[in-house]
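Data block below; observations after.
The values are calculated or read from the model by the stated rules, or taken from the named source; none is laboratory data. Computed from a predicted model, the values in this text were never measured in an experiment. As a convention, Cβ positions derive from the backbone with ideal geometry for all residues, glycine included, and neighbour counts pool all protein chains shown. The accessibility values were calculated without ligands, DNA or RNA, using every heavy atom of the protein model including side chains. Shrake-Rupley method; radii C 1.70, N 1.55, O 1.52, S 1.80 Å.
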Amino acid sequence: MKQNKNQKAVEKRQLSDFEHRMTIQLKEDYYVDYALSHSKEQIRHNRQKAILWAVLFFVLGCIAIYKGAMTEEQWSDIYLIAGVVMIVFQLFNLFYNFVMFPVALKRSVLKELKKDPSLLMPMEYAFEPDKIVCFLNGKHRSSVLVDDISRLEETAQTVIIEVKDGRRIIVPKDLLEKAEPVIQKQIQSFRK
């Protein structure tokens, strides 16, 4: 005998079914700001290492140049060349860590945004007491349970909601200030 099971169909909610909504359209600047703020510690650490290596190799380079200039050995030219190479290489290393790394990071972020242009499109976020639902072009994109939110982080331009699985929701501060008080209160409650 077959039993007919009445399975309830999962009710799919549309964006208009949610009471508290906010439209967020991120610009490239917000993603760059996010990347730079999360790389701040790495940049600081790499700069410190670059300075230490530069001092060490500058001293070794000067010693090698001095030894190559003051002696008439058959290896004196090699000492001169090695000393110059050590100093020039460390100057390039300092230039890279202090000037080029932030530029390279920005270019990398912009390159990734070109691969996925949907990240720059307007997204609708619906806020409920137990979850945040994201819609793109009226279609469900993702959902985040409030229990899965690990913390809230602020940068100069944005507030970043971090989820335990590594996802992030970036909310521009100017939009958050204009949002409904219910949404503002819910986002502020993620501070731990």
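Quick notes on this structure:
- Extension gain from Val55 to Met100, taking 0.36 nm per residue of separation minus the Cα-Cα distance: 14.2 nm
- For Glu180 and Asp116, the FRET efficiency from 1/(1 + (r/R0)^6), where r spans their Cβ atoms and R0 equals 30 Å, is about 0.55.
- The convex hull drawn around the Cα atoms of the chain, when projected onto a plane and averaged over every direction, covers 19.4 nm².
- Placing dummy labels 7 Å off each Cα toward the beta-carbon, the span from Lys139 to Asn46 is 3.7 nm.
- Over 19 Å between alpha carbons, listed pairs Lys114/Lys173; Lys139/Lys178; Lys27/Lys173; Lys40/Lys106: Lys114/Lys173; Lys139/Lys178
- Residue-averaged 222 nm ellipticity for the chain, from DSSP H runs of 4+ at -39500 (n - 2.57), nearest 500: -15500 deg cm²/dmol
- Cross-link reach list, aspartates and glutamates versus Lys185, counting only Cα pairs under 13 Å and skipping chain neighbours closer than eight places: Glu128, Glu177
- Accessible-area composition of the range 6-164, carbon plus sulfur, in percent [1.4 Å probe]: 60
- Estimated distance in nm for a label pair at Ser37 and Arg151, the labels positioned 7 Å out from Cα along Cα-to-Cβ: 1.3
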